[in-house]
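The values are calculated or read from the model by the stated rules, or taken from the named source; none is laboratory data. Worth saying up front: this structure is predicted, and the values here are computed from it rather than measured. With ideal geometry, Cβ positions are generated from the backbone for all residues, glycine too; neighbour counts draw on all protein chains shown.
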Amino acid sequence: MMDEERSNEKCESVTLSLMSEAVSAPTECEKRVCVFGTGDMGRSLGLRLLQAGYSVMFGSRRPQSCNFLPNGAQVLSHAEAAQAAHLIFIAVQREHYDFLVPLAYHLKGKVLVDLSNNLKKNQYPEANAEYLQSLVPEAEVVKGFNTLSAWALQNGPSDANRQVYICGDRAEAKQVVLAVATKLGFSALDRGSLSASRELEDFPLQLFPLWRLPMRIAVGLTAFFFFYLLIREILYAYITQGKDISFRIMVSLANRVCPIVSLIMLALCYLPGVLASFLQLYRGTKYRRFPDWLDRWMLCRKQLGLLALGFACLHVLYTLIIPIRYYVRFWATERTVTQIRQNGTNEFITSRAWHSDSYLSFGILGFGLYVLLGITSLPSVSNALSWREFSFVQSKLGHLTLLLCTIHTYLYGGKRFLSASLYNWYTPPGYMLCLVLPSVVLLLKLLLVTPCVDRNITRIRQGWEKGADQRNSKNNKTLVL
């Protein structure tokens with residue numbers, strides 16, 4: 001027993017000295033870690049630590065009754081496990097922290113990693129990690145690993161859950177946890193002192209934060225154009241002509257709403273960048289923050305683009321099933337039979353063929369670039385590109401995609417823009433409304449790429465400021481005087 005206590009004291013002293021000297025090579029003592037908690041999170045973390053070469057001990061109230069623990073891990077009482085390891089992961093809920101109070105003596109100088117989360121924001125007056133620090137004030141509490149799931153720990157890190165955030169008051173303690181996270185294959189990021197733990201505990205409670213605004217825009221646009229087209233086409237035909245064409249809601253109406261929403265959302269994806277450029281031109285500097293609404297808009301451009309791609313894919317699928325629709329087959333058969341009975345023929349019109357093929361060609365090219373934009377937005381693909389390559393695809397090819405899709409829509413309208421019969425109840429067709437925003441974005445972008453404007457934008461983004469030359473000349477005159 002005396003030898004074991006001496007071994008533990010020696011292990012603690014070696015670990016503390018290594019922390020202070022920032023030695024990266026792990027010793028046998030550093031490889032001994034403890035996990036308090038035998039639930040899904042604790043077991044998954046213990047398994048991952050074992051796979052990384054650590055010696056893992058589980059602390060439990062009932063060591064004899066613990067089952068389903070990873071092979072190779074020891075199960076000890078809380079006191080024995082606290083004495084044997086210097087790094088301890090607390091994988092229990094805040095309500096069960098009381099068992100740590102009697103262990104305060106054994107936890108003195110130890111690094112405690114708090115993995116807990118809450119069910120809702122501001123559930124307690126202070127963060128869980130801060131509460132844990134108050135219970136064991138002589139321990140070094142570090143908040144970390146709480147943004148990972150048990151599934152991510154069992155199956156290894158992937159692009160979607162590779163990031164580990166930590167915070168704590170002591171740099172040496174955080175360095176120990178950062179080293180463990182890195183060895184487990186995660187990308188660790190230091191978020192500062194322990195006061196930032198509440199922010200880390202709120203991360204898992206966020207449900208698609210960057211997708212909320214794009215989803216609201218998508219739902220709003222879809223609902224507006226669906227009811228707009230429903231009134232001006234389906235209800236108009238029933239009220240004015242007595243025709244029941246309600247069956248068109250399922251395919252025809254949906255196939256008109258999807259491309260309209262897709263084109264508008266693609267324009268919304270590139271509009272904030274154009275607005276930011278004009279704002280920098282107006283201010284004459286890049287060193288002033290954009291308004292909050294513009295910042296939030298620019299942060300969710302990727303999500304806007306991906307949702308726009310989703311609507312474009314639906315448009316393509318709806319278009320592909322047009323030849324097998326009952327209504328289309330019935331109409332084609334009826335027209336053929338009528339021509340046979342009347343011994344009539346249709347004359348081939350070359351201009352109409354050009355118009356049809358051009359409309360389809362621009363649509364195919366636009367959708368192809370659409371898919372390319374979506375592929376390059378994937379982290380696994382974008383990480384393989386340089387910043388210049390990524391910017392070229394997302395900016396240059398992105399605006400080209402918007403141009404091709406806008407031309408595709410203009411060709412779809414063709415001469416019908418001037419047909420008064422299409423303005424049911426004096427309302428324009430949906431595709432005319434959806435062309436307004438993309439046309440404005442393209443015209444503004446065309447203005448930005450003109451040589452005189454582009455030269456000023458480039459100077460501003462390279463650090464030039466309006467009035468800086470005059471200020472420098474005044475300063476030079478003052479120095480001369």
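Summary table
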quantity: In the stretch 423-444, residue nearest to LEU268 (Cα to Cα) [restricted to those that are part of a helix (DSSP H, G or I) and of a type in the set (Val, Ile, Thr)]; calculated: VAL441
quantity: Hey, GLU126 touching a Ser or Thr at 6+ places or on another chain (Cβ under 7 Å) and under 23 Å from TYR165 (Cα atoms) or not; calculated: no
quantity: Check on SER116, in contact with a Phe, Trp or Tyr (Cβ under 9 Å, 6 or more places away or on another chain), within 21 Å of ALA173 (Cα to Cα), modelled with pLDDT of 90 or more and small (Gly, Ala, Ser); calculated: yes
quantity: Residues being aromatic (Phe, Trp, Tyr) and outside any strand (DSSP E or B) - total across the stretch 46-64; calculated: 1
quantity: Residue within the stretch 188-204 that is over 30 Å from ALA129 (Cα atoms), aromatic (Phe, Trp, Tyr) and surrounded by fewer than 20 Cβ atoms within 10 Å (Cβ to Cβ) present; calculated: no
quantity: Qualifying residue in the stretch 279-289 (condition: under 21 Å from the mean Cα position of the chain (by Cα) and under 30 Å from LEU400 (Cα atoms)); calculated: no
quantity: Flag for THR427 being of a type in the set (Val, Ile, Thr) and surrounded by 17 or more Cβ atoms within 10 Å (Cβ to Cβ); calculated: no
quantity: Set ALA181, ALA160: member being at pLDDT 90 or above and either assigned by TED's automatic domain parsing to the domain that holds ALA384 or more than 21 Å from GLN123 (Cα to Cα) (or both); calculated: ALA181
quantity: Cross-chain or 6+ apart pairs with Cβ under 7 Å, the stretch 215-238 first and in the same structural domain as SER262 (by TED's automatic domain parsing) and β-branched (Val, Ile, Thr), then surrounded by fewer than 16 Cβ atoms within 10 Å (Cβ to Cβ) and in a helix (DSSP H, G or I); calculated: ILE234/SER246; ILE234/ILE249
quantity: One residue from SER391, SER361, SER382 being free of Cβ contacts under 8 Å to residues at least 24 places away in the same chain and in contact with a Ser or Thr (Cβ under 7 Å, 6 or more places away or on another chain); calculated: SER382
quantity: Residues within the stretch 86-116 that are surrounded by 24 or more Cβ atoms within 10 Å (Cβ to Cβ) and not in a loop (DSSP other than H, G, I, E, B), tallied; calculated: 8
quantity: The stretch 62-77, subset hydrophobic (A, V, I, L, M, F, W, C) and surrounded by 14 or more Cβ atoms within 10 Å (Cβ to Cβ), residue farthest from ASP40 (Cα to Cα); calculated: LEU76
quantity: Subset tally (residues that are crowded, with 19+ Cβ neighbours inside 10 Å and more than 20 Å from LEU49 (Cα to Cα)) for the stretch 158-187; calculated: 2
quantity: ILE324 farther than 18 Å from LEU306 by Cβ, loosely packed, with under 11 Cβ neighbours inside 10 Å and at pLDDT 90 or above; calculated: yes
quantity: Members of the stretch 335-391 found to be in the same structural domain as LEU263 (by TED's automatic domain parsing), in a helix (DSSP H, G or I) and surrounded by fewer than 10 Cβ atoms within 10 Å (Cβ to Cβ), listed by number; calculated: SER380, TRP387, ARG388
quantity: Of all residues making up the stretch 234-270, the number that are surrounded by fewer than 20 Cβ atoms within 10 Å (Cβ to Cβ) and in a helix (DSSP H, G or I); calculated: 15
quantity: Residue under evaluation LYS120, criteria (1) under 23 Å from LYS31 (Cα atoms); (2) touching a residue at least 12 places away in the same chain (Cβ under 8 Å); (3) in a loop (DSSP other than H, G, I, E, B); (4) not hydrophobic (A, V, I, L, M, F, W, C), criterion not met; calculated: (1)
quantity: Tally, over the stretch 290-342, of residues that are over 30 Å from TRP464 (Cβ atoms) and within 31 Å of the chain's Cα centre (by Cα); calculated: 18
quantity: Matching residues in the stretch 95-109 - criterion: being without any contact (Cβ under 8 Å) to a residue 60 or more places away in the chain and not hydrophobic (A, V, I, L, M, F, W, C); calculated: GLU95, HIS96, TYR97, ASP98, PRO102, TYR105, HIS106, LYS108
quantity: Selected residue [exposed (fewer than 11 other Cβ atoms within 10 Å of the Cβ), at pLDDT 55 or above and in contact with a Lys or Arg (Cβ under 9 Å, 6 or more places away or on another chain)] from GLY53, GLY37; calculated: GLY53
quantity: Total residues in the stretch 152-196, condition in contact with a helix residue (DSSP H, G or I) (Cβ under 7 Å, 6 or more places away or on another chain) and either assigned to a loop (DSSP other than H, G, I, E, B) or closer than 28 Å to GLN303 by Cβ (or both); calculated: 13
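Yes/no matrix, rows are residues, columns are (1) closer than 23 Å to LEU443 by Cβ; (2) among the acidic types (Asp, Glu); (3) out of contact with any Phe, Trp or Tyr (no Cβ under 6 Å at 6 or more places or on another chain):
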| position | (1), (2), (3) |
| --- | --- |
| ILE340 | no, no, yes |
| GLU347 | no, yes, yes |
| GLY363 | yes, no, yes |
| TYR370 | yes, no, yes |
| VAL381 | no, no, yes |
| SER419 | no, no, yes |
